[in-house]
């Protein structure tokens, strides 16, 4: 199911100008992405995503549109999407999709063009609040907004991909680990564990908390999220974490950025940073 495109920008007001200048500083997109074919990347992304949903549906692993968790994820996305233009103006015209796959994997992803999928395992095993879910979604959206897939292709000096990538090859481009076996068969090769560089992961963390804060989600949830990830990983290794920087590193970077994003969040709540109540997470399910 497609969501509405991001809202078009309104004429600037002093408040809107302030909103553009605060938060995480915006940097230029990598020039390496110009070495890749944007249309081909987006086309292949759509083929991969549609194939994933089709096979998940055939295996009764695609949650229906009216499922409460699907409605919840789409409601969170609708709050975040209007703010994507700050980080990539072209994203305002993307045809956003959000779907939920029935899988025990603790994972989520956003492919180029705004194609989002969550695995049910990340919701059930972490018992995430809406704020924490928004942190995951913001992080994954950030990878797409900052065009990390195109950057990866540029770094590999691949001139074109249209008609040449299939299955595992496309999975490699989009950072998808073909070793996942939760659904079996081709779906495993298309399941999503994004393998980006440490710098890209840090950028996605910071862009993600900025997006979520602007959407009215508490950025302190990002810290609680990674504390939960660490606790669950101590019980049983999480595939998601094997491709990401350590939780302690991420928490440290997020803490450093709180002075930038907390004022953004406080403004959405009509209050000040000093008046914000302490963030309250939810307990992990009993193992």
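The values are calculated or read from the model by the stated rules, or taken from the named source; none is laboratory data. Because the structure is predicted, anything quoted here is derived from the model rather than measured. Virtual Cβ from ideal backbone geometry, glycine too; neighbours counted across all protein chains shown.
Yes or no: residue 140 farther than 23 Å from residue 223 by Cβ and in contact (Cβ under 8 Å) with a residue 24 or more places away in the chain? No, not satisfied.
Tallying residues that are surrounded by 21 or more Cβ atoms within 10 Å (Cβ to Cβ) and assigned to a loop (DSSP other than H, G, I, E, B) within segment 114-127 yields 1. All of (1) modelled with pLDDT of 95 or more; (2) assigned to a loop (DSSP other than H, G, I, E, B); (3) touching a helix residue (DSSP H, G or I) at 6+ places or on another chain (Cβ under 7 Å) hold for residue 104 with one exception: (1).
In this entry, residue 106 passes the filter for residues that are more than 21 Å from residue 45 (Cβ to Cβ), in contact with a strand residue (DSSP E or B) (Cβ under 9 Å, 6 or more places away or on another chain), surrounded by 19 or more Cβ atoms within 10 Å (Cβ to Cβ) and touching a residue at least 40 places away in the same chain (Cβ under 8 Å).
The one condition from (1) under 29 Å from residue 57 (Cβ atoms); (2) modelled with pLDDT of 95 or more; (3) over 14 Å from the mean Cα position of the chain (by Cα); (4) assigned to a helix (DSSP H, G or I) that residue 137 does not meet is (3). Here the condition is being within 18 Å of residue 222 (Cβ to Cβ) and more than 14 Å from the chain's Cα centre (by Cα); of 60, 107, 127, it holds for 127 alone.
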